[in-house]
Every structure is written in structure tokens, then in C-alpha cells.
Amino acid sequence: MTDHDSDPYSDLADYIEGAPAAAPVVAPHPALAGSPQWLGEDDGESEGTPPDDAASISLEVIAVCAREPQNDTGNGQRLLHHFGQDLLNVRDVGWHAWTGTHWEREGGQEIAVRRAQATATRIVLEADFLAHTPHEAALIEAADDTAAALAAIDKVKELTDEQKARKRDLQQAVDAGAWARAQLQARQIARRKYAVSSGNAGKIRGMLDQALPHRTIRTDELDGNKRAFNVANGTLHFIGTDEPDPDASDHSDRTVKRYRVELRPHDRADNISKVAPVEYDRAATCPRFLAAVKRFQPIEPVRKFVQRYHGYALTGLTGEQCLIFNYGTGSNWKSTFTEIVARIMGPYCATIAFESLAGDGQKNGSQASPDIARLPGARLVRASEPERGVQFKEALIKSLTGGEPMLTRHNFKDFFEFTPDFKLSLAGNHKPQISGVDEGIWRRINFVPWPVSIAKHERRPMNEVLAELWEERAGILNWLIAGALDYLNHGLRPPQEVIDATADYREEMDPVGTFCGICVEAVASHPDGTPASTVPARQMYDAFAAWAENSAVRPWREKSFAEAMATKGFQKERHRDGVRYLHVTLKNVPTRRRRDDDPPHPADNDELAPV
């Protein structure tokens, strides 16, 4: 039994577990001023020192953190109290850090670790904000009240038995007060030592792990506002309001959405992860840029369409499910145009090798696709200069432009799902091959010729031209914004010139369809349904090869030709003398050349053509 067992406040001793019998004298830690540190004996464990930025740290935040428990959960909360507003975790992606303009992924993990380390160094400041419990405060108050009475009794030389008993009671109260003071001092020492151990690697990981659930968003919440575009001096918001439809009748209350652009301050809550390296200036112009675009795209409807498409790329909208292919034979400014737009969009634009979109290389579903995995969040993706004769990976093109979720992964990483927000802007001096005849691929293509070439004596280094255009970047941004508003208010509206150029491209890519239109004629059946006319399959192919030679079109081998005819709905039937096409006849067939000279079509292989 101890002397404290008979103390009227002994319940406090039971309440405080592990109380030391005696404690050294402790002075407040120098959080805000240079007061002396612990004056007791050194037990070999460091209590840490205050961080260099102690004077700039909010006292309110330190006081809140002082109430957190000494474990990983408490440290996670400390990290949130000090730095939580500037840290954001994106599921399956990782930590992002607030830069003042956007959430930056690059280096986000390192910044999160540094913030956790800084949090650990600040824990030492909490010691001076720890307080006595109510029980301890009551003991201290009682001790202070009895101190004078005890001092008076000590002056009496001869004590009566009653005075001796009284002195024991008073001494017990004073001892209890000293013990209560020691509890706070012990907790302060423990908190300072805990600050040191919290800087260990395992504790740093634990702190981040416990903070993570409170600062995590889904991948689709990052850059989730598809009508917001971040620039250096704020965020552009394309805002739609309902207005009366001017085409509605006088008695109709029908409305239409009309969009405008508004610059707002950067806001963490927007969850934007990119910023274009240009400031918005409503009054900025770009005369040199406009003159060049007008020169190299002299047809105004085509020029306006190019503006709308690339303005559409400022948004994360993908409802059009299309791409643009800028075609020209060289020195026609298409590359310069794409480059200056890409520079203005900055991280909103990504570049991909054309080999990722075309060619013979195919990946199975388990392989990594780092070229695609780096595209989430981009608004514009460009690729240029395909090799001659290279063929589009049509299934991939459909996925990238379809607006539907797709799976991809980086090397040595797990698969993740993302929905493309980007628009494809492709360019080349050669036309990629498209073997598909279905509408699913062709409705996505917008073929835009760049018909004007720069004379040799006018050519200048591209970097020199781009440097001049960069001076007009704010004006070019306004040109793109005008295109975005035109798109949002009136739609993409490909002009007839682009529609016709795409049709010519399709015809060039579909020689079988062109051949059928010129050389194949449908014949009605007999009344009993039997064919009135048939053409042997070999004769049909010979006619196609002859037409192709006469039209300067690369012919296909017989297997590819047969598959294309089947896709177009031509019926075949096997007879004793071979396979025949039904209900058709040939016309206007030119003279046939040697069949052994037929070059292969990309879809050909050694398998036999289906009947």
C-alpha cells in the first residue's frame, strides 16, 4: 500500500496508468520561443527538436493535433490537419500534390512522403499543448490550497497527535499535487520521444496509409468536369444556359442550350490535374496565325471545321466518336498547325507513335500497352507520318473514339480501366489503309486535305515559325475557344468538302465497292425465285483484277475479294462447274492482264476463301 492509497483523489492514480514514482523537472519545449528543454537526466532517447518553420505553423492546428492518439491513425489525422488540403490520392494512380493551379501527379508520391516527414517533425510542438486531465487539475488545486497550511504546521516545534495527523493529510495532498504535475510532464516527454519515432520509415508509411482513405477519389472524378479547361491564370468553364429557341413557334416554351466561357480562380475542388502553359486574355489576337491558316486552308468551311474540331478538343466530350486525318504531300503547314495547338494545350495534348494505331503488330489481351496507358486525361492525341501502305488497327481506332471504357496497363503494372476523353488528330503524307467496309470505321473518319504547299524559297525552320506563333499564344487560345463555343452551340458539322474528301478516301480504300458500282449489275430473279443470271466466281475476280489494272488501283487477291463481296451482300452458290455469284451480270469490263502479277492485300493469308 502506498501513501496515495488513502488520498481522497486516489482514483486519479488508478485512472493514470503507468505513472512514475518521481519525475524530473521539465520546462516547456521551445515551440515558439527559446525556453530551456528537459532538465532531467538523459536516458539515451532523443526528444527531438522543433522544425525550422515552427513559428509559421498555426497554433490552432498544433492544438488539434495534440489531441490525436499516438498511433498510425493519429498520425494520419495529423498529416491531414497540417497538409491534407494539398494532397490528393487517385485510386489506381497514386498521390497528387496541389501546385496552386492543379493537382500534379508527377512527383506526387515524393511530395506526400515529404509532407509526412514534416508532420512527424511537428509532433514535438504538441507537447506544450498537452493539458492536465480534470482529475489532475483537481489534485493540483487541492495541493495549492493546502500548501500554506502545511507550511504553518511545519513551523510548530511540538505537534500534538491531532496536528501530526493533520500534517500527514496535508502532506498527502501536496504529494498528490506533485504527482499530478508529473503526469503531464511525463506525457510531454513521451510525446516528444514519439515525434522522433514517428519519423521512422515504417511510421511514415503507416501515416500515409491511414490518411489515404480520407483523401482518395476515383479515377473518373479526376478531371471529371468535361467542360473545364485549366490555364495559367484560372480555369475556363464552358457554361450552358437555357434560352428560348428562336426557331420555335410563338406559343412554344422550348429552349436551347447556349454556351459561354467564364474564367474562374483555380480551385482544389475542381480536381483538375493539368494546366495549359498559356494565360487567358479575352482581348488577345493572333493575326499571323489567322493569315497562315487562311492561306493553307483557303476554303472557309473547311477552315471553320478544323477550328471547331480542335476547339472541341479543349473539352473532355467525346460524343462525336470521330477523328480527323490531315492529309497533304508535304510543306503544307499541317504539321506546324498541329504543333502550335499541341504546345498551347500543353499536358492536355499527348503524342503517340503512329505505329501504335496502325501496322501489323497486334497485342494479345494480357500484354502491356504503355503507349495507351499514358493517354488518360488527355484531351487531344496526335500522331503523324504513317509509313506508306500501313493499315489502321481498326478495332483499336473504334475503341479509342468510341467513348466507352477500355482496359490498359503500364509495363509490370496491373490493368486499369479508363474512358478516353481525347480526340485524335492524325496527319500524314500517306493515307493509311482501311480494309473495313462497315460503317463503324468510316463514320469516324474526317479526311481533311491541306492543298497548299509552301514554295521552296519561302520555307523556314519550323522552330523559327513556332517561336513567332508562340508570341500569339493567347490569341490562338481565343481562336480555339471560339471553335469550342461554335461546336457546343451548333455541333461539329463537317462541311461538304470534308464529306466528299472522305468519300473519295473511302472509295480509294474500297476498290471492290467501286468495281461493283461500275462493272456489276443486279438482275431480277425468275418468277419462281431462281436466278436469272449468274457469274462464275473466277470470272468475277478476273473482271475485278482487270478493272483495277485499268483504274490504277492496287488489286486484291481472290480471298480478300471474296470476303469483301460477301460483306456487301452478294450471294454465292456452289454448282457442279464451280462457285457462282447469283442474280448479277457483268458490264463494262476492261481487258484483263496476267493474274500472276497481282500484289497481296493486307488482309490476305494462305487460307482458302470461304464460299
Meets criteria (within 16 Å of the chain's Cα centre (by Cα) and touching a residue at least 24 places away in the same chain (Cβ under 8 Å)) for ARG91: yes
ALA501 of a type in the set (A, V, I, L, M, F, W, C), under 22 Å from VAL553 (Cα atoms) and at pLDDT 95 or above: yes
Qualifying residue in the range 426-436 (condition: farther than 24 Å from THR338 by Cβ and among the aliphatic types (A, V, I, L, M)): no
Filtered residue count, the range 505-534, keeping only those that are of a type outside the set (A, V, I, L, M, F, W, C), closer than 17 Å to ALA546 by Cα, in contact (Cβ under 8 Å) with a residue 12 or more places away in the chain and part of a helix (DSSP H, G or I): 4
Among (1) surrounded by fewer than 13 Cβ atoms within 10 Å (Cβ to Cβ); (2) at pLDDT 50 or above, the one test that SER6 misses: (2)
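Yes/no per residue for (1) surrounded by 16 or more Cβ atoms within 10 Å (Cβ to Cβ); (2) among the aliphatic types (A, V, I, L, M); (3) not assigned by TED's automatic domain parsing to the domain that holds TYR312:
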site	(1), (2), (3)
LEU184	yes, yes, yes
ALA190	no, yes, yes
GLY202	no, no, yes
ARG205	no, no, yes
LEU208	yes, yes, yes
ALA228	yes, yes, yes
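Here is a yes/no grid of residues against (1) within 23 Å of GLU221 (Cα to Cα); (2) crowded, with 16+ Cβ neighbours inside 10 Å:
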{"site": "GLN85", "(1), (2)": "yes, no"}
{"site": "TRP95", "(1), (2)": "yes, yes"}
{"site": "PHE129", "(1), (2)": "no, yes"}
{"site": "ALA138", "(1), (2)": "no, yes"}
{"site": "ALA178", "(1), (2)": "no, no"}
Candidate set from the range 561-585 (those that are outside any loop (DSSP other than H, G, I, E, B) and closer than 22 Å to MET509 by Cα); member that is modelled with the lowest pLDDT: THR567
Meets criteria (in a helix (DSSP H, G or I), more than 60 Å from the chain's Cα centre (by Cα), among the aliphatic types (A, V, I, L, M) and farther than 16 Å from GLN188 by Cα) for ALA118: no
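Going through PRO370, PRO386 one at a time, which residue ends up being assigned by TED's automatic domain parsing to the domain that holds SER335 and within 30 Å of GLU563 (Cβ to Cβ)?
Values: PRO370 fails: within 30 Å of GLU563 (Cβ to Cβ).
Of PRO370, PRO386, the one residue that is assigned by TED's automatic domain parsing to the domain that holds SER335 and within 30 Å of GLU563 (Cβ to Cβ) is PRO386.
To keep it simple, each residue is scored yes or no on (1) closer than 21 Å to VAL498 by Cα; (2) surrounded by 20 or more Cβ atoms within 10 Å (Cβ to Cβ); (3) without any contact (Cβ under 8 Å) to a residue 40 or more places away in the chain.
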{"residue": "HIS310", "(1), (2), (3)": "yes, yes, no"}
{"residue": "GLY319", "(1), (2), (3)": "yes, no, no"}
{"residue": "LYS334", "(1), (2), (3)": "yes, yes, no"}
{"residue": "MET345", "(1), (2), (3)": "no, yes, no"}
Condition broken by PRO265, with the remaining ones in (1) loosely packed, with under 12 Cβ neighbours inside 10 Å; (2) in contact with a Ser or Thr (Cβ under 8 Å, 6 or more places away or on another chain); (3) farther than 27 Å from THR99 by Cα satisfied: (3)
GLU162 being in a strand (DSSP E or B), of a type outside the set (Gly, Ala, Ser) and farther than 30 Å from THR101 by Cβ: no
Every pair of residues 6+ apart whose Cβ atoms lie under 8 Å, when the first sits in the range 551-576 and is within 13 Å of GLY513 (Cα to Cα) while the second is in a loop (DSSP other than H, G, I, E, B) and among the hydroxyl-bearing types (Ser, Thr, Tyr): SER560/SER435
Residue list for the range 227-268, restricted to those being touching a residue at least 60 places away in the same chain (Cβ under 8 Å), assigned to a loop (DSSP other than H, G, I, E, B) and in contact with a strand residue (DSSP E or B) (Cβ under 9 Å, 6 or more places away or on another chain): ARG227, HIS266
So VAL113, is it surrounded by 20 or more Cβ atoms within 10 Å (Cβ to Cβ), part of a helix (DSSP H, G or I) and assigned by TED's automatic domain parsing to the domain that holds LEU88: no
Residue count for the range 276-299, restricted to those that are more than 16 Å from ILE476 (Cβ to Cβ) and in contact with an Asp or Glu (Cβ under 9 Å, 6 or more places away or on another chain): 1
Tally, over the range 431-473, of residues that are of a type outside the set (A, V, I, L, M) and farther than 24 Å from LYS304 by Cα: 15
Some residue of the range 138-158 being out of contact with any helix residue (DSSP H, G or I) (no Cβ under 8 Å at 6 or more places or on another chain), closer than 30 Å to THR408 by Cα, of a type outside the set (Ser, Thr, Tyr) and not in a helix (DSSP H, G or I): no
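The values are calculated or read from the model by the stated rules, or taken from the named source; none is laboratory data. Just so it is clear, the model here is predicted, and its values are computed rather than measured. FYI the Cβ positions are ideal-geometry reconstructions off the backbone, even for glycines, and counts take in every protein chain you see.
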